Ligand code: NAD
């Protein structure tokens with residue numbers, strides 16, 4: 001385990017105070033980490049600035065840079081078990097998620113972007129100007145600040161880091177203060193892979209460290225994943241300074257269940273969409289629109305299945321649902337459940353913190369509300385916990401307007417046997433990603449990001465290459 005910051009190829013305890021990171025399954029402190037001071041941030045940005053134009057990095061041939069990323073993927077894969085266990089210990093997610101999804105997805109992202117390095121092309125265009133040759137080049141931006149949330153710390157970092165490095169940028173990473181440990185361990189892997197000093201730097205700490213980084217005049221781009229409230233602040237700062245910015249923000253994904261859907265398959269799929277990582281997923285399905293004639297049957301089946309999931313520590317391989325990340329998050333979830341009750345929603349299962357053996361950790365029982373109204377806060381605001389709401393509908397024509405009646409637009413799920421209905425709805429819903437008859441899957445090749453207040457720009461795919469480069473036009477006189 002690494003508990004120091006990584007700046008200019010050196011591990012440092014920093015020059016300020018420390019903060020603890022906790023094991024959400026027990027509440028115990030795992031480690032104390034340095035809270036970066038403005039001068040630590042300045043050192044990290046300066047190191048990244050120098051590394052950006054140093055021959056060891058800027059002078060690498062594309063094939064050489066690709067090899068570094070392939071090597072990073074291999075080394076991460078070799079240590080997958082260690083990373084998965086550390087992620088589970090710090091974040092709480094069951095091993096099935098950390099070992100089966102988070103770490104392999106990070107490995108594949110490195111490989112996918114390693115593959116792009118040798119294929120980042122510009123265009124030539126036939127201009128209507130006599131005697132010129134014209135082409136474009138995609139160039140890196142400079143020092144990129146990568147600020148990450150606590151729900152999938154390693155995986156979300158690599159969504160940013162792999163394309164940032166593939167395109168020749170240098171970075172300063174600030175992991176969420178609740179879950180910094182796998183980010184620091186990844187810096188060790190990158191060093192071993194041969195990434196030169198200064199190319200990747202990690203500063204630890206809370207929101208103030210993030211703010212200092214965002215405002216730093218030598219930071220060219222901010223790539224942020226986190227809450228919509230903080231995303232707005234970052235966008236405002238970036239706007240004033242005219243920095244590039246990508247934002248992956250909150251969500252309140254609808255799951256639309258047509259009258260002809262196979263309810264058993266839908267319950268199974270929606271359990272994963274709604275409760276993966278204890279609902280701490282930006283794309284979590286949390287508003288289930290069900291035909292009124294089948295809403296009770298669906299709600300009862302969903303509540304039965306959710307209520308029988310095994311809560312427990314993530315390191316226990318029989319666990320299906322782990323703790324939420326922190327006491328703050330636990331209290332937020334409970335606050336929303338009480339709001340749901342006071343708004344008149346009908347609590348079918350859950351609704352309280354787990355007790356007994358689990359009382360020391362941040363465990364919340366999976367919770368299902370029936371009879372939820374469109375205007376209730378539990379149907380409109382992001383809870384980010386294991387709380388699911390069933391909303392009956394009478395007329396399929398209501399579906400798209402109600403699904404879109406939210407400030408968010410990250411993801412949506414559609415369950416329908418009639419493929420025409422499913423695809424019409426997929427076109428009508430304002431969401432960056434729509435899954436039809438399936439739980440949420442991700443792939444490095446599929447663009448990811450939100451519409452409306454769920455974000456700006458896209459990650460993954462070619463879109464991330466665009467997000468970490470800018471286009472230069474080069475004109476040459478032929479006369
Ligand atoms: P958060 O916004 O509180 O914090 C995210 C990161 O930003 C942390 O590293 C934090 O220290 C830092 N930060 C906080 N205030 C800052 C400021 N003013 N300036 C700069 N940095 C600041 O979010 P969180 O609670 O860690 O994560 C949960 C949120 O992330 C949810 O809203 C979730 O939907 C969203 N999320 C979105 C996606 C996506 O792909 N769209 C993925 C995962 C999580």
Just need a number here: residues in the stretch 400-418 that are touching a residue at least 12 places away in the same chain (Cβ under 8 Å), outside any loop (DSSP other than H, G, I, E, B) and surrounded by fewer than 23 Cβ atoms within 10 Å (Cβ to Cβ). 2
Give 114, 84, 48 a once-over and let me know the one that is free of Cβ contacts under 8 Å to residues at least 24 places away in the same chain, crowded, with 20+ Cβ neighbours inside 10 Å and assigned to a helix (DSSP H, G or I). 84
Filtered residues of the stretch 90-105 (kept if touching a strand residue (DSSP E or B) at 6+ places or on another chain (Cβ under 9 Å) and within 15 Å of residue 176 (Cβ to Cβ)): 90
Check the stretch 6-15 and report whether any residue there is in contact (Cβ under 8 Å) with a residue 60 or more places away in the chain, in contact with a helix residue (DSSP H, G or I) (Cβ under 6 Å, 6 or more places away or on another chain) and in a strand (DSSP E or B). yes
Strands (runs of 3 or more DSSP E) lying entirely in the stretch 167-239 (those with 1 or more residues that are modelled with pLDDT of 95 or more and near the ligand (Cβ under 7 Å from one of its atoms)): 170-174, 221-225
Of residues in the stretch 419-434 being under 29 Å from residue 230 (Cα atoms) and touching a residue at least 60 places away in the same chain (Cβ under 8 Å), the one nearest to the ligand (Cβ to nearest atom): 433
I'd like to check something: does the stretch 432-441 contain any residue that is assigned to a helix (DSSP H, G or I) and either touching a helix residue (DSSP H, G or I) at 6+ places or on another chain (Cβ under 8 Å) or buried (at least 17 other Cβ atoms within 10 Å of the Cβ) (or both)? no
Go through the stretch 324-348 and give me each residue that's in contact with a helix residue (DSSP H, G or I) (Cβ under 7 Å, 6 or more places away or on another chain), within 20 Å of residue 151 (Cβ to Cβ) and either part of a loop (DSSP other than H, G, I, E, B) or touching a residue at least 60 places away in the same chain (Cβ under 8 Å) (or both). 324, 325
If a residue must be part of a strand (DSSP E or B) and over 23 Å from residue 22 (Cα atoms), how many such residues does the stretch 349-386 contain? 5
Can you tell me which condition residue 172 does not meet? The list is (1) surrounded by 24 or more Cβ atoms within 10 Å (Cβ to Cβ); (2) within 26 Å of residue 382 (Cβ to Cβ), and all the others hold. (2)
Those residues of the stretch 266-297 that are more than 30 Å from residue 226 (Cβ to Cβ) and free of Cβ contacts under 8 Å to residues at least 60 places away in the same chain come to a total of 5
Considering each of 183, 179 in turn, give the residue that is surrounded by 24 or more Cβ atoms within 10 Å (Cβ to Cβ), under 23 Å from residue 37 (Cα atoms) and in contact (Cβ under 8 Å) with a residue 60 or more places away in the chain. 179
Just to be sure I understand the filter: pairs with C-beta atoms under 7 Å, separated by 6 or more residues or on different chains, first member in the stretch 25-42 and at positive phi, second member exposed (fewer than 15 other Cβ atoms within 10 Å of the Cβ) and part of a loop (DSSP other than H, G, I, E, B). Which pairs pass? 27/360
Within the stretch 444-453, how many residues turn out to be touching a residue at least 24 places away in the same chain (Cβ under 8 Å), in a loop (DSSP other than H, G, I, E, B) and closer than 22 Å to residue 105 by Cα? 4
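The values are calculated or read from the model by the stated rules, or taken from the named source; none is laboratory data. The model shown is predicted, which means the values in this text are computed figures rather than measured ones. No Cβ is skipped: glycine too gets one built from the backbone with ideal geometry, and neighbour counts run over all protein chains shown.
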